[in-house]
Each structure stands twice: as structure tokens, then as C-alpha cells.
Amino acid sequence: MLYIIGLGLGDDKDITLKGLEAVKKCSKVYMEAYTSLLSFGLSPNGLSNLENLYGRSITLADREMVEEKADEILNEAKSSDVAFLVVGDPFGLVWGSMAPVAVSPLVSAELAAFCLVSCLAVYVATLCVLCFDVLSLIYFLFSPSYVNFQYRATTHTDIVVRAKKLGVDVKVIHNASVMNAVGVCGLQLYHYGETVSIPFFTETWRPDSFYEKIRENRKLGLHTLCLLDIRVKEPTIESLCRGKKQYEPPRFMTVNTAIEQLLEVEEARGESVYGENTICVGFARLGSEDQKVVAGSMKQLLTVDFGPPLHCLVIVGKTHPVEEEMLEFYGL
């Protein structure tokens, strides 16, 4: 049996009683460690706290393990009980996870040129090896798998589908997620439109596909939940070219960075979808004892120190008087 168990958002004690009972009877326990983290996730004692409470050793499943060794995990679940722990709810949107987005042909070409030059510098002494490596690199860079490389993730739904195809029984145990926790600010959940993801901008890649979705939400008077990028164990482009993976330091987008990028896109697009005076709500560490919720204009929120991750942002649409009254409690 494969148990996919939601851990909630706060700390080690947010697991449900049903989830805890399931973990305790599993022979192997994995914990997803690349799309989100609990409020104590940056603490060096975070994992040991979980293991002490659950009475089980936990294997952290990073992106590479989940994508490359998923079948091994599922095969274990054929003959024994295996738990796969997920922050939040298994089928709620993951806080900070990035939706798949396509890399533009221009960016791919730039990356290809950079990598090819790097490979030429490294392998120029051996022409045969050089030719082989360059041809392999060209195939890799322009293959469909690379187009979504940095944002490709094995979703929880995909794990369930693969398990069922292998004849593995699956049981899902739900918990709280960011999708309902944002209700703490008083904005009614059925007044939300499509959720968007805000990725980190780079010098050569500044995607703005979220802009159209925000525009459509605001046309309908709906609120927009913005999930902010997290980058955990992301390989550098240079290391990919050299065939030896080196990873960037973990990065967690702040409310402030998200607003700066949103305003940059608005200035470039010029459609007046939102602006400095648009009311938003910034959240940090939802579900934890020290969660922070602040309402104000984009300009005002830029000055707020929201503290440690994880952060998310809501762009407020048309409000009901009761919603406005609640927002006043969180206003600057």
C-alpha cells in the first residue's frame, strides 16, 4: 500500500491522527523535499523532530529521486506499506511550487550557445570527444524534455496514476493547504479566480504569462492567489554542460520581490491591470505560530519585512463589506 499523506502547513504536530497512524505502520517513509517545506523546514532539527514524533526514519525525496526513482518507491509499495509525506494537502496546490512553463526559443538558443562555448573550451584538446559531446548536448538542449527542464516536476497526481498502473493500492490522507489557509485574511474563498505562479526573473528570462490570468480575474472582480517561486537543489547551467551537477543555493521568493516583478511587467505591458495602489495581502509562514498577514497597497507592502519563508501574495479583487472589515484588521 502506498500512503500519500498531507502534513499541513505548520509544524510536526499538524499531521492528522489518521495520517500519524498510517506513518507508524509503514516500513518505509519518504518526504517530498523540493516543492515546499513546513514552517520549521529551514531548522537543522526539523527532520529529527518529525522522526522523533513519528517513530520512523524518514528519507528526504528530492526532485531527482522522485523523478528518476519513482518506480523503485512504487515497487516497494507492492510488498509493504510505504508512506510518501507531502507538505500541505496531497492534491492542494503546493505553496511555492512552479507551474510548468515553456522556455522561449530565444532563451533556449542563448543557453545552447553558452553551453556549446563552454564545452568547446573544456574539450578542445580532443576532437573526437568534442564532437560526441557537442552533438549530445545539442540533442539534449533542443529535445522536448529540456524545454520544461527546470520546471518539470512529478506531481502527486502522476505518482497516483503510475502506482495504479503498477497495481499498487493507494490511500490519500488529506490535510490543510495554502489554498484554504489564505482564508485567514477574510477574503471569501469562492471569490478567487485562477491561481498563478510567479517565477524568479533572470537576465535572459522574464516570463509574464501570469499577467493575462490576473487580468481575466480582475475583469471578473475576483481575487488572485500568487504562489511564489522556490528554488531548491536546482542545478546550474554550467554544471549541466560539464556533466557534473552542482546546485544553486536555495532561494525563496519574498512578497517584496514578487511585487517588484509584477510592477515591472505592468510597466512593460501598460494595460493598467494593476498598479502601485492596488490592494494586496501578503502572507508569510501560513499555519505557523508566527504567521504574518499584512494588507495594503503594492507600494506599501514593498516596505514590509515579512521575515523568513515561505511567502505568498493575494491581489485583491472586488470586495464585500465583510471582507473589507476583515482586511482592516491586517492593514498598515
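A few remarks follow.
- Residue-level check: of (1) buried (at least 21 other Cβ atoms within 10 Å of the Cβ); (2) in contact with a Ser or Thr (Cβ under 7 Å, 6 or more places away or on another chain), residue 312 misses just (2).
- For residue 238, the test of being in contact (Cβ under 8 Å) with a residue 40 or more places away in the chain, outside the structural domain of residue 209 (by TED's automatic domain parsing) and not in a strand (DSSP E or B) is passed.
- Residue 283 falls short on exactly one of the conditions (1) touching a residue at least 40 places away in the same chain (Cβ under 8 Å); (2) more than 25 Å from the chain's Cα centre (by Cα), and that condition is (2).
- Residues of the range 229-243 that are in contact with a strand residue (DSSP E or B) (Cβ under 7 Å, 6 or more places away or on another chain) and closer than 19 Å to residue 257 by Cα: 229, 230, 231.
- Residue tally, condition under 12 Å from residue 171 (Cα atoms), hydrophobic (A, V, I, L, M, F, W, C) and within 18 Å of the chain's Cα centre (by Cα), over the range 5-33: 1
- Checking each residue in the range 6-25 for being outside any loop (DSSP other than H, G, I, E, B) and free of Cβ contacts under 8 Å to residues at least 60 places away in the same chain picks out 12, 13, 17, 20, 21, 24.
- Positions within the range 52-62 being free of Cβ contacts under 8 Å to residues at least 60 places away in the same chain and over 13 Å from residue 26 (Cα atoms), in sequence order: 52, 53, 60, 61
- Residue in the range 247-257 that is within 22 Å of the chain's Cα centre (by Cα), among the acidic types (Asp, Glu) and surrounded by 14 or more Cβ atoms within 10 Å (Cβ to Cβ) present: no
- Search result, residues across the range 294-317 that are in a loop (DSSP other than H, G, I, E, B), out of contact with any strand residue (DSSP E or B) (no Cβ under 6 Å at 6 or more places or on another chain) and at pLDDT 95 or above: 302, 303, 305
- Taking the criterion of being of a type in the set (Phe, Trp, Tyr) and modelled with pLDDT under 95, the only residue of the range 202-224 that qualifies is 205.
- When the residues of the range 223-236 are filtered to those that are crowded, with 16+ Cβ neighbours inside 10 Å and among the β-branched types (Val, Ile, Thr), the one that is farthest from residue 314 (Cα to Cα) is 232.
- Taken over the range 163-222, the criterion of being surrounded by fewer than 15 Cβ atoms within 10 Å (Cβ to Cβ), within 30 Å of residue 77 (Cα to Cα) and in contact (Cβ under 8 Å) with a residue 40 or more places away in the chain is satisfied by 166, 167, 169, 171.
- The residue list 332, 286 contains one member that is touching a strand residue (DSSP E or B) at 6+ places or on another chain (Cβ under 6 Å) and either among the hydrophobic types (A, V, I, L, M, F, W, C) or surrounded by fewer than 15 Cβ atoms within 10 Å (Cβ to Cβ) (or both), which is 332.
The values are calculated or read from the model by the stated rules, or taken from the named source; none is laboratory data. Not measured: the values here are computed from a predicted model. Neighbour counts are summed over all protein chains in view; Cβ atoms, including those assigned to glycine, are modelled from backbone coordinates with ideal geometry.
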